Amino acid sequence: MTTTEKLIASVTTDCLCENEDGTPSDECFDCYEWQKDWVFELLGMWQVANKIDEDDPILIETDRLGWRNASAFKWTTMLDLHSALSLDGGDFRIEWYLENDTLTARRWSHDEPTGTGLFTFTHHRGCDKCGVPVKADVYNEELGFCVECSNDYFEEN
Ligand SMILES: [Zn+2]
Ligand SMILES: [Zn+2]
């Protein structure tokens, strides 16, 4: 399966609940939870397209984050990916994009009024020998090893 058109799933801590006539509702019916359903679906499509196992390491990187516009990175797995960009105790909006099987995202918040840089997500696998996370395409090329273990292996043999 390949996703060729750009799919977008967004979540916001703002309430999106509406009355039957389309006006904003005074009461929130947990709309953050149903907003997340589409995010889960999109992340699931990315997972299937890239054959990612639940506990494979995923590297999140961005070049612009927070009020300092700092670059940042963070490791996660499929199990926590959906909440990896959420902020504790602050309002935010996150847009997830899936295009050509590549996942990216952007976040807006109080400290990021014009949005963060684009988040990228790189699928890794643990080296079969030393366990170090290796980019999935390198892992496949090196037959399950990181480059170092692969070099050691073929020198010994
Ligand atoms: Zn709501
Ligand atoms: Zn290794």
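The values are calculated or read from the model by the stated rules, or taken from the named source; none is laboratory data. Predicted model, so just to flag it, every value in this text is computed and none were measured. Cβ coordinates were reconstructed from backbone atoms using ideal geometry, including for glycine residues, and neighbour counts include every protein chain displayed.
Odds and ends about this structure:
- Residues in the range 127-157 that are within 13 Å of ligand 2 (Cβ to nearest atom) and among the aliphatic types (A, V, I, L, M) were compared, and the one that is surrounded by the most Cβ atoms within 10 Å (Cβ to Cβ) is 134.
- The set of residues from the range 47-69 being touching a strand residue (DSSP E or B) at 6+ places or on another chain (Cβ under 8 Å) and not acidic (Asp, Glu) comprises 50, 52, 57, 58, 59, 60, 62, 64, 65, 66, 67.
- Some residue of the range 32-39 being in contact with a Cys (Cβ under 9 Å, 6 or more places away or on another chain) and free of Cβ contacts under 8 Å to residues at least 60 places away in the same chain: yes
- Against the test of being under 12 Å from the mean Cα position of the chain (by Cα), in the same structural domain as residue 37 (by TED's automatic domain parsing), more than 21 Å from residue 35 (Cα to Cα) and surrounded by 14 or more Cβ atoms within 10 Å (Cβ to Cβ), the options 62, 104 yield a single qualifying residue, 62.
- Scanning the range 43-63 for residues that are hydrophobic (A, V, I, L, M, F, W, C) and touching a Lys or Arg at 6+ places or on another chain (Cβ under 7 Å) gives a single hit, 60.
- Residue within the range 46-64 that is within 16 Å of ligand 1 (Cβ to nearest atom) and touching a helix residue (DSSP H, G or I) at 6+ places or on another chain (Cβ under 6 Å) present: no
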